[in-house]
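What follows is a set of notes on a single structure, which appears directly below.
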Amino acid sequence: AEAQYTWGKAMDEQSGPYFEDPYPYDIHAAYGRSSYDVQNAVKLFGLWQPVFFHGNSLGEKILGGWALSGIWNWHTGFPWDPVYNTTGNLYYGSSPYSSLRPAANLGGYGKNHSNQNYQSAINPDFGNNASVYFGTPTYTTGPAFPAATAGPAPGIHRDSLTGPDYNDLDGSLSKDFGLPSNRILGEHAAFEVRADAYNFFNRTNIDTAKIQNILGQVAPDGTVTPTGNFGTANGALNGRTVQLQARFSF
């Protein structure tokens, strides 16, 4: 059995291809936590292969040959990015840019990173009007290109919020049925059956990419129409999956 603890901090200006930051005129405005950043991670894993019939190879081949292994992973959640949707396109007409990050993080919201909060119709951490915790940006809607002017600077880093913790146990149970030694198959022929279980306890782990991150619709003057479901999730990672297999080896 082994145990591992990891502390980490990953920062970048984009975490994958096709990323389109709302501030294209300043690449450094995209600097923030990586989408895969995990600050604290704990891992426990082990393998148990008992021998029941010492000195009795036939008995061990028939009734022994069991192996039990497992791995438990827990880590703090992945980051996610709160944004306001804008009224009209930014920077130039018909541009694909229609969202901005808040002008400031005003604080005061809850920080309970349980999966239950994100499964609620209204996340208790933010209530039904999360815009009171995040300053609203002001901006100018996009004119005809190329008369566009740079927009406001973001008030917070990208991926500044942390999603719910991840908790998962995977395990495997296998049994070898040894075959008698013979000239054709040799001395180590065996038939193995195995069951692998992923997310054995069928825990709900929220998919951070499915968290509702839109604070509301903000007008150029900063007036906002809030959304009531900020911080709720409409998707989770896989539930329990069991895989069965059999293998003959010689």
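The values are calculated or read from the model by the stated rules, or taken from the named source; none is laboratory data. Just so it is clear, the model here is predicted, and its values are computed rather than measured. Cβ coordinates were reconstructed from backbone atoms using ideal geometry, including for glycine residues, and neighbour counts include every protein chain displayed. These accessible areas exclude ligands, DNA and RNA; they are computed on the full protein's heavy atoms, side chains included. Shrake-Rupley method; radii C 1.70, N 1.55, O 1.52, S 1.80 Å.
Within the accessible area of the range 1-135, what % is carbon and sulfur when the probe is 1.4 Å and the other protein chains stay in place? Before the final figure, lay out the partial values.
Values: 4400 of 7580 Å².
Summing carbon and sulfur atoms, their accessible area is 58 percent of the total for the range 1-135.
Calculate the FRET efficiency for residue 41 and residue 157 from the Cβ-Cβ distance with a Förster distance of 22 Å, rounded to the nearest 0.05.
Calculated transfer efficiency: 0.55.
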### Task
Could you check the simple spin-label distance between residue 236 and residue 190, using points 7 Å along Cα→Cβ, in nm with one decimal?
3.7
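What FRET efficiency do you get for residue 173 and residue 74 if R0 is 22 Å and r is their Cβ-Cβ distance, rounded to the nearest 0.05? Walk me through the intermediate numbers first.
Working: r = 22 Å, r/R0 = 1.00.
With R0 = 22 Å, the Cβ-Cβ based efficiency is 0.50.
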### Query
DSSP loop GluC sites (Glu not before Pro) in the range 1-80 with at most 12 other Cβ atoms within 10 Å of their Cβ, which ones?
20
### Summary
Amide H neighbours of residue 97 at under 5 Å, excluding residues fewer than 5 places away on the same chain, with H built from the backbone geometry, are 90
#### Entry: Dipole of the chain, positive direction: furthest Cα of 135, 222, 11, with charges on the beta-carbon
11
### Message
Checking the cross-link filter: which aspartates and glutamates have an alpha carbon closer than 13 Å to that of residue 43, excluding same-chain neighbours under 8 positions apart?
### Response
2, 168, 170
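Can you tell me the FRET efficiency between residue 203 and residue 112 if r is taken as the Cβ-Cβ distance and R0 is 22 Å, rounded to the nearest 0.05? Can you show the working numbers first?
Working: r = 17 Å, r/R0 = 0.77.
Approximately 0.85, to the nearest 0.05.
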### Accessible area in the full protein assembly, largest first, 1.4 Å probe, for 122, 156, 71
122, 71, 156
### Residue-by-residue Karplus 3J(HN,Hα) for the range 107-119, coefficients 6.51, -1.76, 1.60, Hz, glycine and proline x
x, x, 7, x, 9, 8, 8, 7, 4, 4, 4, 7, 8
### Query
How large is ³J(HN,Hα) for each residue in the range 192-197, as worked out from phi by the Karplus curve 6.51 cos²θ - 1.76 cosθ + 1.60 (θ = phi - 60°), to whole Hz, x for Gly and Pro?
10, 10, 8, 10, 10, 10
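Before I look further, what does the chain give for accessible area per residue, probe 1.4 Å, in whole square angstrom?
Working: 14240 Å² over 250 residues.
So the chain comes to 57 Å² accessible per residue, rounded to a whole number.
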### Task
Would you please give the residues with an amide H less than 5 Å from that of residue 34, counting only those at least 5 places away or on a separate chain, with H modeled from the backbone geometry?
10, 11, 12
### Summary
For the range 73-90, in residue order, the Karplus 3J(HN,Hα) values (coefficients 6.51, -1.76, 1.60; θ = phi - 60°; whole Hz; Gly and Pro = x) are 10, 9, 8, 5, x, 7, x, 8, 10, x, 9, 9, 7, 9, 8, x, 7, 9
